[in-house]
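Please read the structure below before turning to the comments.
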Amino acid sequence: MKIYTHFSTEHLANVYVVSDDKGNGLIIDPSYIDKELLEIIESGGIDLKAVLITHAHESHTAGLGTLKKIYSFDIYASASSIEGFPARTLSDGEKIWIGELEVEALFIPGHSIDSLVYRIGSAIFTGDTLSSGTIASTKSYVAKSLLLKNIREKLMILPDSTIVYPGHGPISNIRVERMFNVDLLEDSGRF
(Lines give C-alpha, C1' and ligand atoms only; values in the text may rest on other atoms or scores of the structure.)
Protein backbone atom coordinates (compact mmCIF):
# COMPACT_ATOMS: atom_id res chain seq x y z
CA MET A 1 0.00 0.00 0.00
CA LYS A 2 1.20 3.49 -0.86
CA ILE A 3 -0.11 6.65 0.79
CA TYR A 4 0.46 10.07 -0.75
CA THR A 5 -0.29 13.18 1.29
CA HIS A 6 -1.29 16.43 -0.36
CA PHE A 7 -1.94 19.69 1.50
CA SER A 8 -4.66 21.88 0.01
CA THR A 9 -3.82 25.52 0.64
CA GLU A 10 -7.30 26.46 -0.60
CA HIS A 11 -9.01 24.90 2.46
CA LEU A 12 -5.97 24.21 4.67
CA ALA A 13 -6.86 20.53 4.53
CA ASN A 14 -5.10 17.25 3.87
CA VAL A 15 -6.02 15.14 0.86
CA TYR A 16 -4.85 11.54 0.77
CA VAL A 17 -4.27 9.32 -2.26
CA VAL A 18 -3.96 5.63 -1.40
CA SER A 19 -3.11 2.86 -3.86
CA ASP A 20 -2.54 -0.85 -3.77
CA ASP A 21 0.48 -2.55 -5.37
CA LYS A 22 -1.37 -2.85 -8.70
CA GLY A 23 -2.16 0.88 -8.97
CA ASN A 24 -5.83 0.70 -7.92
CA GLY A 25 -6.38 3.86 -5.96
CA LEU A 26 -8.68 6.04 -3.95
CA ILE A 27 -8.77 9.59 -2.64
CA ILE A 28 -9.87 10.53 0.82
CA ASP A 29 -11.50 13.97 1.23
CA PRO A 30 -10.78 15.78 -2.07
CA SER A 31 -10.64 19.27 -0.64
CA TYR A 32 -9.33 21.06 -3.69
CA ILE A 33 -7.94 19.64 -6.90
CA ASP A 34 -4.82 21.33 -8.21
CA LYS A 35 -2.01 20.46 -10.61
CA GLU A 36 0.13 18.93 -7.85
CA LEU A 37 -2.60 16.50 -6.78
CA LEU A 38 -3.32 15.50 -10.37
CA GLU A 39 0.42 14.85 -10.87
CA ILE A 40 0.41 12.50 -7.87
CA ILE A 41 -2.38 10.48 -9.50
CA GLU A 42 -1.02 10.54 -13.04
CA SER A 43 2.72 10.11 -12.34
CA GLY A 44 1.94 7.35 -9.84
CA GLY A 45 0.01 5.45 -12.51
CA ILE A 46 -2.99 5.36 -10.19
CA ASP A 47 -6.30 4.08 -11.54
CA LEU A 48 -8.75 6.07 -9.42
CA LYS A 49 -11.53 3.71 -8.35
CA ALA A 50 -13.12 5.54 -5.41
CA VAL A 51 -13.39 8.69 -3.35
CA LEU A 52 -14.03 8.31 0.38
CA ILE A 53 -15.66 11.21 2.22
CA THR A 54 -15.20 11.49 5.99
CA HIS A 55 -17.98 14.09 6.29
CA ALA A 56 -19.78 16.51 4.02
CA HIS A 57 -18.06 19.78 4.93
CA GLU A 58 -16.78 21.81 1.99
CA SER A 59 -13.16 21.65 3.11
CA HIS A 60 -13.36 17.87 2.52
CA THR A 61 -15.59 17.70 -0.57
CA ALA A 62 -15.04 20.80 -2.74
CA GLY A 63 -12.91 18.98 -5.30
CA LEU A 64 -15.47 16.31 -6.20
CA GLY A 65 -16.85 18.22 -9.20
CA THR A 66 -13.40 18.66 -10.72
CA LEU A 67 -12.50 15.00 -10.17
CA LYS A 68 -15.78 13.85 -11.75
CA LYS A 69 -14.93 15.82 -14.90
CA ILE A 70 -11.64 13.91 -15.23
CA TYR A 71 -12.16 10.44 -13.75
CA SER A 72 -14.86 7.82 -13.32
CA PHE A 73 -15.11 6.51 -9.75
CA ASP A 74 -17.53 5.60 -6.98
CA ILE A 75 -18.12 7.90 -4.01
CA TYR A 76 -18.45 6.38 -0.53
CA ALA A 77 -19.82 8.29 2.46
CA SER A 78 -22.29 8.17 5.30
CA ALA A 79 -24.77 10.25 3.26
CA SER A 80 -26.39 9.14 -0.01
CA SER A 81 -25.43 12.34 -1.83
CA ILE A 82 -22.29 14.47 -1.65
CA GLU A 83 -22.01 17.80 -3.51
CA GLY A 84 -24.97 16.70 -5.67
CA PHE A 85 -23.33 13.39 -6.66
CA PRO A 86 -24.82 10.04 -5.61
CA ALA A 87 -22.78 8.17 -3.02
CA ARG A 88 -22.73 4.62 -1.81
CA THR A 89 -23.57 4.76 1.87
CA LEU A 90 -21.43 2.94 4.39
CA SER A 91 -22.48 1.93 7.89
CA ASP A 92 -20.45 1.39 11.04
CA GLY A 93 -18.05 -1.54 10.72
CA GLU A 94 -18.84 -2.12 7.05
CA LYS A 95 -15.91 -3.29 4.93
CA ILE A 96 -15.40 -2.79 1.21
CA TRP A 97 -12.60 -3.64 -1.18
CA ILE A 98 -11.04 -1.06 -3.50
CA GLY A 99 -8.70 -3.15 -5.60
CA GLU A 100 -6.60 -5.01 -3.03
CA LEU A 101 -7.28 -2.45 -0.27
CA GLU A 102 -9.68 -3.49 2.46
CA VAL A 103 -11.42 -0.38 3.77
CA GLU A 104 -13.40 -0.41 7.03
CA ALA A 105 -15.80 2.42 7.82
CA LEU A 106 -16.17 3.51 11.45
CA PHE A 107 -19.15 5.75 12.22
CA ILE A 108 -18.07 8.40 14.74
CA PRO A 109 -20.65 11.22 15.00
CA GLY A 110 -20.12 14.31 17.11
CA HIS A 111 -18.40 16.85 14.91
CA SER A 112 -21.06 16.15 12.32
CA ILE A 113 -23.85 13.60 12.13
CA ASP A 114 -22.27 11.94 9.09
CA SER A 115 -18.65 11.53 10.28
CA LEU A 116 -16.81 8.40 9.20
CA VAL A 117 -13.24 7.31 9.89
CA TYR A 118 -11.68 4.92 7.39
CA ARG A 119 -9.31 2.17 8.45
CA ILE A 120 -7.00 0.76 5.80
CA GLY A 121 -4.38 -1.62 7.10
CA SER A 122 -2.52 0.04 9.97
CA ALA A 123 -3.75 3.52 9.03
CA ILE A 124 -6.85 5.50 9.93
CA PHE A 125 -8.10 8.51 8.00
CA THR A 126 -9.99 10.59 10.53
CA GLY A 127 -11.23 13.72 8.79
CA ASP A 128 -11.93 16.18 11.59
CA THR A 129 -12.77 13.50 14.19
CA LEU A 130 -9.24 13.12 15.57
CA SER A 131 -6.27 15.37 14.83
CA SER A 132 -2.80 15.56 16.27
CA GLY A 133 -3.31 16.70 19.86
CA THR A 134 -7.03 17.46 19.68
CA ILE A 135 -10.47 16.23 18.65
CA ALA A 136 -13.04 17.84 16.38
CA SER A 137 -15.11 20.84 17.37
CA THR A 138 -18.68 20.14 18.42
CA LYS A 139 -21.80 22.27 18.82
CA SER A 140 -22.91 20.99 22.23
CA TYR A 141 -21.80 19.14 25.33
CA VAL A 142 -23.90 16.14 24.24
CA ALA A 143 -22.19 16.04 20.83
CA LYS A 144 -18.74 16.27 22.47
CA SER A 145 -19.62 13.43 24.87
CA LEU A 146 -20.80 11.30 21.94
CA LEU A 147 -17.62 12.07 20.00
CA LEU A 148 -15.35 11.22 22.95
CA LYS A 149 -17.25 7.98 23.66
CA ASN A 150 -16.88 6.83 20.06
CA ILE A 151 -13.19 7.81 19.89
CA ARG A 152 -12.54 5.83 23.09
CA GLU A 153 -14.49 2.77 21.96
CA LYS A 154 -13.47 2.64 18.29
CA LEU A 155 -10.11 4.37 17.87
CA MET A 156 -8.25 4.21 21.18
CA ILE A 157 -8.57 0.42 21.14
CA LEU A 158 -6.43 0.23 18.00
CA PRO A 159 -2.74 -0.74 18.24
CA ASP A 160 -0.32 1.98 19.37
CA SER A 161 1.38 1.97 15.98
CA THR A 162 -1.82 2.78 14.05
CA ILE A 163 -1.04 5.90 12.01
CA VAL A 164 -3.54 8.76 12.23
CA TYR A 165 -4.02 10.70 9.00
CA PRO A 166 -6.19 13.70 9.96
CA GLY A 167 -8.13 16.06 7.73
CA HIS A 168 -6.14 19.00 9.11
CA GLY A 169 -2.72 19.17 10.70
CA PRO A 170 0.21 16.75 11.00
CA ILE A 171 0.15 12.97 10.96
CA SER A 172 0.23 11.21 14.33
CA ASN A 173 -0.34 7.74 15.78
CA ILE A 174 -2.61 6.21 18.41
CA ARG A 175 0.12 5.94 21.05
CA VAL A 176 0.97 9.64 20.76
CA GLU A 177 -2.71 10.58 20.92
CA ARG A 178 -3.23 8.50 24.06
CA MET A 179 -0.25 10.24 25.68
CA PHE A 180 -0.62 13.85 24.54
CA ASN A 181 -4.05 14.60 23.07
CA VAL A 182 -5.33 17.44 25.25
CA ASP A 183 -9.02 16.69 24.69
CA LEU A 184 -8.60 13.00 25.45
CA LEU A 185 -6.54 13.69 28.57
CA GLU A 186 -9.14 16.15 29.85
CA ASP A 187 -11.78 13.47 29.40
CA SER A 188 -11.35 12.20 32.97
CA GLY A 189 -8.33 10.03 32.22
CA ARG A 190 -10.51 7.17 30.96
CA PHE A 191 -7.75 5.71 28.82
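Please find, within the stretch 1-46, the residue that is farthest from Glu94 (Cα to Cα) out of those that are among the charged types (D, E, K, R) and in contact (Cβ under 8 Å) with a residue 40 or more places away in the chain. Taking the candidates together, the pick is Glu10.
Take Ser91 and tell me if it is in contact with a strand residue (DSSP E or B) (Cβ under 7 Å, 6 or more places away or on another chain), without any contact (Cβ under 8 Å) to a residue 12 or more places away in the chain and surrounded by fewer than 21 Cβ atoms within 10 Å (Cβ to Cβ). Against the criterion (in contact with a strand residue (DSSP E or B) (Cβ under 7 Å, 6 or more places away or on another chain), without any contact (Cβ under 8 Å) to a residue 12 or more places away in the chain and surrounded by fewer than 21 Cβ atoms within 10 Å (Cβ to Cβ)), Ser91 does not qualify. So which residues in the stretch 108-146 are touching a strand residue (DSSP E or B) at 6+ places or on another chain (Cβ under 6 Å) and of a type in the set (Phe, Trp, Tyr)? Selection gives Tyr118, Phe125.
With respect to (1) surrounded by fewer than 18 Cβ atoms within 10 Å (Cβ to Cβ); (2) within 15 Å of Ile27 (Cα to Cα); (3) touching a residue at least 12 places away in the same chain (Cβ under 8 Å), the lone exception for Leu101 is condition (1). One residue alone among Ile135, Ile163 is at pLDDT 95 or above and hydrophobic (A, V, I, L, M, F, W, C), and that residue is Ile163. Considering the stretch 54-88, the residues that are more than 18 Å from Ala105 (Cα to Cα) and of a type in the set (Gly, Ala, Ser) include one that is nearest to the chain's Cα centre (by Cα), namely Ser59. Yes or no: Tyr118 closer than 18 Å to Ser19 by Cβ and of a type outside the set (A, V, I, L, M)? So Tyr118 fits the description; yes.
The values are calculated or read from the model by the stated rules, or taken from the named source; none is laboratory data. Everything quoted here is computed from the prediction, not taken from an experiment. Heads up, the Cβs are rebuilt from the backbone with ideal geometry, glycines too, and the neighbour counts pull from every protein chain shown.
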